Ligand code: UDP
C-alpha cells in the first residue's frame, strides 16, 4: 500500500558530534534520547535498522596523531570512543522499548557481542536494532567506511546519513554562500569529483561499487527520518 515504507532494511550513520548536542564535547543525554525517538519511529514501521555511530565527540585518531601520538594507537582510541557512543544509544533505545544489540568489530565480550555476520542478520530479522561499534576494527579507516561496509554485508537497501543543520548535499557550503544549491540527486562520481560533503571518499567509492544509495538528510528535523521512509521531506540521494 501507499503506507508501506520505501525500504525494508536501512543503515543509519550518525557522527559522534550529533550526540554532543549544545555542548562542545561528549554525550548529551537529551540529544541521544531525541535521536533514539527518531529511530523508534522508523522501527515502529517495521523497518529493520542498522546503526553506525562515529566517535568524533570523544576522540579522533587524526587529532591524536597531530599531537604526536602514534597513529594506529590513536585510531584504536577513536574506535573505543564509538563503543561508548553505541552503548549510550543502546541504553536510550532500550529505555523506550526498542530491543538492540551492540556489535563490536573489536572483541570485548563483556561489553558487546563480537561481529558475526550471520548472527547480526538474524538479529535484524528479529527486529532488533543492530548498533555496529568500533568502526571496521582497522586503523586508517573511518566510521563512514564502516557504515558502507556493514550496509553491504547486511544487504541494507540504503545508507542514511543523518546530518545536523543541513537538509542534504549542496554545491557549496550553504552556511557561507546564500546562492548554494541543494541537489535532489547527485551521482557518486560527481560527489567524489567535486568533493561534496557526503562521506569520505573511500566510503563513497565503496557505496558506488555496490550500488548502495546514500541518503543525506537532516536528523535534527523532528520526524525527518520517518518522513523519508514515507517519501516525504527534503534530502539528497547520492546514486
Ligand atoms: N576509526 C578507525 N577505524 C574505523 C573507524 C574509526 O580507526 O574503522 C577511528 C578513527 O581514528 C576516527 C575515530 O575512530 O577518527 C572516530 O571515528 P570517526 O572520525 O569516523 O567519527 P565521526 O567523525 O563520524 O564522529
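By the Cα gyration tensor, the chain has an equivalent ellipsoid whose semi-axes, rounded to whole angstrom, run 24, 23, 18 from largest to smallest. Put simply, when 115-124, 196-205 are sorted by average Cβ atoms within 10 angstrom per residue, most first, you get 196-205, 115-124. Considering only 46, 54, 78, the Gaussian network model of the chain with Cα springs below 10 Å gives its largest mean-square fluctuation to 46. Taking 137, 16, 165 as the candidate residues, the one with maximal mean-square fluctuation in a Gaussian network model of the chain, Cα springs under 10 Å, is 165.
With a ≥ b ≥ c the root eigenvalues of the C-alpha gyration tensor of the range 51-180, is it rounded (a/c under 1.5), prolate (a/b larger than b/c) or oblate? Don't jump to the answer; show the numbers that get you there.
Numbers: a/c = 1.86, a/b = 1.20, b/c = 1.54.
Cα axes put the range 51-180 in the oblate bin.
If packing is taken as the average count of other Cβ atoms within 10 Å, what order do 171-179, 19-27 fall into, highest mean first? Numbers along the way, then the final one.
On the way: 171-179: 10.8, 19-27: 14.9.
Result, highest mean Cβ count within 10 Å first: 19-27, 171-179.
Of the residues 99, 132, 217, the one that moves most in a GNM of the chain with alpha-carbon contacts below 10 Å is 99. When both the range 171-223 and the range 69-86 are represented by their alpha-carbon centers, they are found 26 Å apart.
The eigenvalues of the Cα gyration tensor, multiplied by 5 and square-rooted, give the range 6-54 an equivalent ellipsoid with semi-axes of 23, 12, 6 Å from largest to smallest. Taking a ≥ b ≥ c as the square roots of the eigenvalues of the Cα gyration tensor, the range 147-208 is prolate, since a/c reaches 1.5 or more and a/b is larger than b/c. Contact order, relative form, for the chain: 22 percent (alpha carbon pairs under 8 Å, 6 or more residues apart, mean separation divided by residue count). Shape analysis of the range 32-96 based on the Cα gyration tensor places the equivalent ellipsoid semi-axes at 31, 10, 8 Å, largest first.
Need one word for the range 122-239: rounded, prolate or oblate. Basis is the Cα gyration tensor (sqrt eigenvalues a ≥ b ≥ c); a/c below 1.5 gives rounded, then a/b vs b/c decides.
On the way: a/c = 1.86, a/b = 1.31, b/c = 1.42.
Note, shape of the range 122-239 comes out oblate.
Calculate for the chain the 222 nm mean residue ellipticity that helices alone would give, adding -39,500 (n - 2.57) per DSSP H run of length 4 or more and normalising by residue count, nearest 500 deg cm²/dmol. Please report the intermediate quantities before stating the final value.
On the way: 8 runs with 87 residues, N = 239.
So the calculated ellipticity at 222 nm is -11000 deg cm²/dmol.
Quick one: divide the alpha-carbon radius of gyration of the range 1-116 by 2.2 N^0.38 Å and tell me what you get.
Values: Rg = 15.6 Å, N = 116, 2.2 N^0.38 = 13.4 Å.
After normalising by residue count via 2.2 N^0.38 Å, the value is 1.17.
Bear in mind that the values in this text are calculations on the coordinates, not laboratory data. In this text, all values refer to a predicted model and were calculated from it rather than measured experimentally. Note that each Cβ is placed from the backbone with ideal geometry, even for glycine, and that neighbours are counted across all protein chains shown.
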